[in-house]
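For reference, the structure discussed in these notes is given below.
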Amino acid sequence: MAGPIPEPRYRLVDADLLRRLMARTGTGCGISVRQLAAASGVSHGTIDNLLRGRIKTARHDVAHQICRVIGVDLLILWAPTGRAVPEEGHEAPPHLRLAS
């Protein structure tokens, strides 16, 4: 019997883009790491680690909350990763690869 379905994860496309979007959010105002953390419910350590490239992926709820607060669509900042989409550095199994 298969185990539980893993929670979807997203890979941050570009930490510099996140930084630029924090400087000017959807409201036109900037937001600090601590302000983003407080408004999104995501720890400031997680946001700081994303900005510094120490972590590259986040759970789907974290990705959604960050995007909600800064006012951008999810796929502007994040790319799905995991079972259906190979994580960076891992190749898809042969039967899932696109034909060239």
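The values are calculated or read from the model by the stated rules, or taken from the named source; none is laboratory data. Since the structure is predicted, the reported quantities are computational estimates derived from the model, not experimental observations. For neighbour counting, all protein chains shown are included, and Cβ atoms are generated from backbone atoms with ideal geometry for every residue, glycine included. Note: accessible area is taken over every heavy atom of the protein model, side chains too, but ligands, DNA and RNA are not part of it. Shrake-Rupley method; radii C 1.70, N 1.55, O 1.52, S 1.80 Å.
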List, please: which pairs have Cβ atoms under 6 Å, are six or more places apart or on different chains, and start with a residue in region 19-33 that is within 14 Å of I66 (Cα to Cα) and assigned to a loop (DSSP other than H, G, I, E, B) and end with one that is of a type in the set (G, A, S) and open to solvent by less than 80 Å² (accessible area, probe 1.4 Å)? T25/G71; G26/G71; G30/A23
Of everything in region 34-53, what is open to solvent by 40 Å² or more (accessible area, probe 1.4 Å), among the aliphatic types (A, V, I, L, M) and under 17 Å from the mean Cα position of the chain (by Cα)? Give them in sequence order. A39
For region 54-73, enumerate the residues that are within 16 Å of A15 (Cβ to Cβ) and either open to solvent by less than 40 Å² (accessible area, probe 1.4 Å) or polar (S, T, N, Q) (or both). T57, A58, V62, A63, I66, C67, I70, V72
